[in-house]
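The values are calculated or read from the model by the stated rules, or taken from the named source; none is laboratory data. As the structure is a computational prediction, the values presented were derived from the model and not from experiment. Every residue, glycine as well, gets a Cβ built from its backbone with ideal geometry; the counts of neighbours run over all protein chains shown. Calculation scope for accessible area: heavy atoms of the full protein, side chains included, ligands and nucleic acids excluded. Shrake-Rupley method; radii C 1.70, N 1.55, O 1.52, S 1.80 Å.
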Amino acid sequence: MSTQPGGYYLPSPSHWPIFGSIALFLMAFGGVLMMNGAGGGTATLVVGVLVMIYMLVGWFGTVIGESESGKYNKQVDVSFRWGMSWFIFSEVMFFAAFFGALFYMRVLSVPWLADADTAALLWPGFTAEWPASGPAIAEQFTPMGAWGLPAINTAILLTSGVTITIAHWALKENKRSTLNWFMFLTIALGLTFIAVQAYEYGHAYKDLNLTLESGAYGATFFMLTGFHGFHVTVGTIMLIVIWLRCLKGHFKPENHFGFEGVAWYWHFVDVVWLGLFVFVYWL
Amino acid sequence: MEAVHEHDHSHDHPTGLMRWVTTTNHKDIGTMYLWFSFAMFMVGGVMALIIRTELFQPGLQVVQPEFFNQMTTLHGLIMVFGAIMPAFVGFANWQIPMMIGAPDMAFPRMNNWSFWLLPPAGTLLVLSMFVPGGSAGVGWTMYAPLTVQQGMGMDLVIFAVHILGMSSIMGSINIVTTILNLRAPGMTMMKMPLFVWTWLITAYLLIAAMPVLAGAVTMTLTDRHFGTHFFNAAGGGDPVLFQHIFWFFGHPEVYIIAIPAFGVISQVIPAFSRKPLFGYASMVYATASIAILSFLVWAHHMYTVGMPVEAQLYYMFATMLIAVPTGVKVFNWVATMWKGSMTFETPMLFAIGFLFLFTLGGFTGLVLALTPVDVQLHDTYYVVAHFHYVMVAGALFSAFAGVYFWLPKWIGKMYDETLGKWHFWLSIIFFNLTFFVQHFLGLAGMPRRIPDYSLQFADFNMISSIGAFGFGLSQLLFLYILIKAIRSGEKAPEKPWDGADTLEWTHLPTPAPYHSFETPPTVK
Amino acid sequence: MRLKAFSRLLFLATAMLMAGLASAEYQLNLKPAKTALGEAVYDLHTLVMIIITVIFIGVFGFMFYAIFKHRKSVGHQAAHFHENTTVEIVWTVIPVFILIGLAWPATKALLEMRDTSAPDMTIKVTGYQWKWGYEYLDDDVKFYSSLATPRDQIQGDAEKGEHYLLEVDKPLVVPVGKKVRILTTANDVLHAWYVPELAVKQDAIPGFIRDTWFQAEETGTFRGQCAELCGKEHGFMPIVVNVVSEDDYKIWVAEQKSAGGAAAYDPGKTYSVAELTSAGEAVYKAHCVACHQPNGSGMPPTFPALTGGMISTGPIANHLDIVLNGSKKNPMMAAFGAQLSDMEIAAVVTYERNALGNSLGDSLQPGEVAAARK
Ligand code: HEA
Ligand code: HEA
Ligand code: CUA
Ligand SMILES: [Cu+2]
């Protein structure tokens, strides 16, 4: 807990990271056991997740406490901004890998399979079109249309981008009740999005016969929307935490990076969705 | 202030093991990175020796083929992710705050986590050898669809890679933020020591590349267990897709290994030439160009997969282009030595060894860049020789140079100069004995990743194996030198190297105090 | 001082070693090519070697000169220059030109290498774990080619032969002077078809056809290996190409057609256990031994033992099923129905039940296999 004369805050030793490491180890090991049908997997995984939650609550709790007791100065604030920006950039690259897979299959591998010698010798009769489940998957599926629920979800997420911006503006103007209400609205929109997405998955499995195993289309559809949905969920949890903090009177008009970081993250999730909507659902 | 500190030390700072588990100090964390890296180097090295023992002569003598494949895989993974990368992150932790006049890293707690993710990941890797069916026998490149055939060892490796990736990303975010935000007043970007620059650029490479690797292994995992068809033609996927994603990470990865090594060399050569680094600005631009180019050349690892010829041509030209900025760096280092006043202590010897052998490895890289030639040499021992020149004589030698160079600053004691020189000469001789002959093997057509070979390859393999054992034993000498220095080394002078002129030498006592710059220095 | 003496000694030893290498008949370079394209590759390699050797000597000539002249121990004082825009531009631009000079022949060779048009004949090559399948698309000839080196040579129980690990039971045969187009694909995982002296290496990718070509200029036997990690026997799937004269090739094709291989059987005949067992041994050695081992012991837990195995000593229908259709649990046990004839399957199943330490005494007739295929 030493604050440098230069004004830089240095945290004291912390036991949170090691909990995080233990949690990840248990989660990984438990997951492996589970996927391979060995005993004890689920239990190990659950313990890992619990430790992880404990760690997250504790670690963020510590940071929030430090922030509220005024230990962070301008420079720390800038550090947080850099840190959050590059974290989001790394997330963008993670999604890029899956978008890359999608483009590769649509533009290259599916046409190749229906082309020249490959088609003639290995996959007679296969024609390349998108959505495709590939030459050797007999089960038919119906692709997910863009203009039903997905379009509604797009509207929901875009609106939530607006509401959180209004909330942010209110925070800067110190209009606390507007802030709280618009935060609530944003969270509600986020939860609605998740619910609609869950319904859509059920629809896909039950009515469209569209599953993770439906070849190239199914794999990219579920992995991209799935990881996105996971990020929305995490984002919503973060929003809830921030909302509770708002209700407790945290954040000042001139200093509220915790809020801004979550807002950035929310916008990132929003932008990824636009990419998804265009390339997965629409085109 | 002092009183506050006393208070801190007596109450908040655990001692013993818990000091290391909970520390938020960049020096403690740097130390842990370096020791972890050395331990992993030993583990990976022993695996290399198992490989070389099996290859000592034709026939199967010591291990079964599938175990051999697992050794190759784990050797590659452990050396790259467990030994070399953590070693340079260790340097970054120790040096960057000292070199830019900062009190510590920007996120000290996250820094702790970045390190402490490594032991679980390493454990998962090692553990994979002991589960039914053994570890993954797929090569460090983990090409689909062989990965689908593997047992649960493969899943452990996949999760280990995930965790290693998280560690690297967090470490990099920390480094970027520290460099951009915590520089002392007056330390403009173009005044930063080159080591700091190289790490800034490397950190960007890591942040952009590691998530892509995470994506690749995640797809492997779902193909294995959840019925997706990313890498399976039956469902419209393509095994080659994995290779594209992997190498989009993998090629930048090799520069992630090389660029911090360039940084260390750029500190050591001027110090022992007693002359400022030649072409500082062009060094910065060259490093940045290498980094940018490194994202544009990945498919030179895939010349034989049957890409369209236009793509092959593009990748060939782009790959060749990397020789230009790398050449600029080599020329600048030689120009730094030119008309200097050189002395040849161990760090300088390793730096010169680096320069000489890395360039050799770079040249064989250029040979491989030529697609028609690579079609002959791809997946042969020529490639193995190429990358051990750039990674062992390159990155590893640079790490040795860095350790000898900064050890006095870190522990306040000197290493044994005579033994250090022995370490260098033994290493360089046995290194070449091990890997130079592998060029011949590759040219003659010996494939890599095979546990047994035809009789024409026998002699060179024997030489290579002898060299490997010599090289390995020489590294025990390194361990001895370190322990000796730590336990009974002579006290280091305040500034053991005449030519060293960065902040840690000019503004901090030797050994460096636990907290670097309590007040930021002013840089003119 | 001690150090100096020692390093001199080592230097001397290394120099002598190198000299020894140079005088003995060691293969230090690419193998001389047997195709025109191979020669182009060889020349390109020579060119790049000359360029990099010259640059290497140049750069390190400077460096070693500096190391000897500009050292403190000879009293050299450090200069203070640290940049010079002119030289920096020069040593950026000159390499660009060198590289362009290199890219030109490389591009020519590459364009030629990838030009698979107008072949004289086409062969489809399929990689299996761990053998090669060859199919002559124009001549209707089809066979498998697997390692012929006996296991005891590998284990060190017998003297290793001249072509240790580079010999197969049935080599690929092609005519000299003809442009042979090779189509590669794979059945299970990646493999790569690599014959150094013919200057070909092409990955074999399951589900895709990729192609390459060669045109051998002289007759002879050329040996290569699988060059992509494909599992445990990756080191044991060699390639042998016999390049023969046009006439010999015709004779060979005719032989292949008349022999019909082991595929033919007499439908009216009931084969005895002994007949089937002895025919089955060859099939077993070619297709099964890699996983289930010469004595049937397998490698538990990955590869089950056939000696006393649940299926291999259980009902014969199940035994036939797993060989014909593969295992549902583990894709490593492939569906051999696609690769083996009725006769071969009948033979190998009978063999497994009456050898390898099993002696059930029952047999499977080729007709039953045909019936099971539907
Ligand atoms: C530290 C790591 C490192 C570094 C720095 C490099 C540097 C380079 N590498 Fe290497 N490479 C690897 C690590 C590295 N590589 C690894 C690990 C693999 C194998 C992975 C696997 O399959 O397992 C590999 C494989 C590999 C391949 C694929 C081979 C194959 O599998 O078939 C190729 C092909 O183009 C290649 C090329 C190059 C080139 C052109 C450079 C260039 O950057 C080199 C540039 C340097 C110079 C050229 C020397 C100095 C320059 C001058 C003095 C200027 C004047 C020179 C001229 C004008 C010629 N590398
Ligand atoms: C930076 C990374 C790095 C480093 C440092 C090394 C170091 C070494 N490597 Fe490796 N290597 C790789 C990265 C690296 N390697 C990669 C990426 C691959 C590709 C994998 C793949 O194909 O998937 C590879 C593959 C590879 C192969 C090819 C395997 C194959 O294709 O099947 C070989 C074979 O000779 C080899 C040898 C060695 C040797 C002898 C060392 C030596 O330098 C090691 C020396 C160190 C020690 C020996 C340990 C220290 C000493 C002791 C612990 C004391 C005990 C010693 C004695 C009793 C003598 N390596
Ligand atoms: Cu087939 Cu390697
Ligand atoms: Cu590369």
Among (1) farther than 19 Å from residue A:102 by Cβ; (2) crowded, with 23+ Cβ neighbours inside 10 Å; (3) more than 24 Å from the chain's Cα centre (by Cα); (4) among the polar types (S, T, N, Q), the one test that residue A:160 misses: (3)
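Select, from C:217, C:167, the only residue that is surrounded by fewer than 23 Cβ atoms within 10 Å (Cβ to Cβ) and under 15 Å from the mean Cα position of the chain (by Cα). Spell out how you get there, then give the answer.
Working: C:217 fails: under 15 Å from the mean Cα position of the chain (by Cα).
Among C:217, C:167, only C:167 is surrounded by fewer than 23 Cβ atoms within 10 Å (Cβ to Cβ) and under 15 Å from the mean Cα position of the chain (by Cα).
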Filter result for residue A:197 (more than 17 Å from residue A:260 (Cβ to Cβ), open to solvent by less than 60 Å² (accessible area, probe 1.4 Å), assigned by TED's automatic domain parsing to the domain that holds residue A:236 and not small (Gly, Ala, Ser)): yes
Among the residues listed as B:217, B:212, B:254, the single one being assigned to a helix (DSSP H, G or I), away from ligand 4 (no atom under 16 Å from the Cβ) and away from chain C (no Cβ under 14 Å): B:217
Filtered residue count, region A:82-101, keeping only those that are farther than 14 Å from residue B:170 by Cα, surrounded by fewer than 22 Cβ atoms within 10 Å (Cβ to Cβ) and more than 15 Å from the chain's Cα centre (by Cα): 1
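Does residue B:429 satisfy the condition of being hydrophobic (A, V, I, L, M, F, W, C) and either part of a loop (DSSP other than H, G, I, E, B) or within 16 Å of ligand 3 (Cβ to nearest atom) (or both)? I'd like the intermediate steps shown before the answer.
Working: hydrophobic (A, V, I, L, M, F, W, C): yes; either part of a loop (DSSP other than H, G, I, E, B) or within 16 Å of ligand 3 (Cβ to nearest atom) (or both): no.
Answer is no for this residue.
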Residue check, residue B:468 part of a helix (DSSP H, G or I), farther than 30 Å from residue B:138 by Cβ and in contact with a helix residue (DSSP H, G or I) (Cβ under 9 Å, 6 or more places away or on another chain): no
Residue within region C:139-160 that is in a strand (DSSP E or B), of a type in the set (Val, Ile, Thr) and within 27 Å of residue B:372 (Cβ to Cβ) present: no
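Taking the options A:85, A:109, name whichever one is in contact (Cβ under 8 Å) with a residue 60 or more places away in the chain, assigned by TED's automatic domain parsing to the domain that holds residue A:204 and closer than 15 Å to residue B:231 by Cα. First the steps, then the outcome.
On the way: A:85 fails: closer than 15 Å to residue B:231 by Cα.
Sole residue among the options that is in contact (Cβ under 8 Å) with a residue 60 or more places away in the chain, assigned by TED's automatic domain parsing to the domain that holds residue A:204 and closer than 15 Å to residue B:231 by Cα: A:109.
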Residues located in region B:165-200, provided they are outside any helix (DSSP H, G or I) and of a type in the set (Val, Ile, Thr): B:188
Unique match (being facing chain B (nearest Cβ under 7 Å), surrounded by 14 or more Cβ atoms within 10 Å (Cβ to Cβ), without any contact (Cβ under 8 Å) to a residue 40 or more places away in the chain and not in a helix (DSSP H, G or I)) among C:103, C:78, C:66: C:78
Residue satisfying condition, being buried (at least 19 other Cβ atoms within 10 Å of the Cβ) and closer than 30 Å to residue B:104 by Cβ, within set B:486, B:481, B:429, B:450: B:481
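Considering only residues of region C:183-193 that are assigned to a strand (DSSP E or B) and more than 7 Å from chain B (Cβ to nearest Cβ), which is farthest from ligand 4 (Cβ to nearest atom)? Walk me through how you get there before you give the answer.
Pass one, region C:183-193, residues assigned to a strand (DSSP E or B): C:183-186, C:191-193.
Now drop any that are not more than 7 Å from chain B (Cβ to nearest Cβ), which leaves C:183-186, C:191, C:193.
Numbers: C:183: 28, C:184: 24, C:185: 27, C:186: 24, C:191: 22, C:193: 23 Å.
Among those that are assigned to a strand (DSSP E or B) and more than 7 Å from chain B (Cβ to nearest Cβ), it is C:183.
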Filter result (touching a Phe, Trp or Tyr at 6+ places or on another chain (Cβ under 7 Å), open to solvent by 10 Å² or more (accessible area, probe 1.4 Å) and either of a type in the set (Val, Ile, Thr) or within 14 Å of ligand 1 (Cβ to nearest atom) (or both)) within region B:52-78: B:76
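Residue-by-condition table, conditions (1) free of Cβ contacts under 8 Å to residues at least 12 places away in the same chain; (2) in contact with a Cys (Cβ under 9 Å, 6 or more places away or on another chain); (3) within 16 Å of ligand 2 (Cβ to nearest atom):
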site	(1), (2), (3)
B:253	no, no, yes
B:257	no, no, yes
B:262	no, no, yes
B:278	no, no, no
B:309	yes, no, no
B:317	yes, no, no
B:326	no, no, no
B:335	no, no, no
Scan of region B:220-232 for residues that are open to solvent by 20 Å² or more (accessible area, probe 1.4 Å) and not in a helix (DSSP H, G or I), ordered by number: B:226, B:227, B:229, B:232
Selected residue (only one of A:182, A:222, A:230 is surrounded by fewer than 16 Cβ atoms within 10 Å (Cβ to Cβ) and free of Cβ contacts under 8 Å to residues at least 40 places away in the same chain): A:230
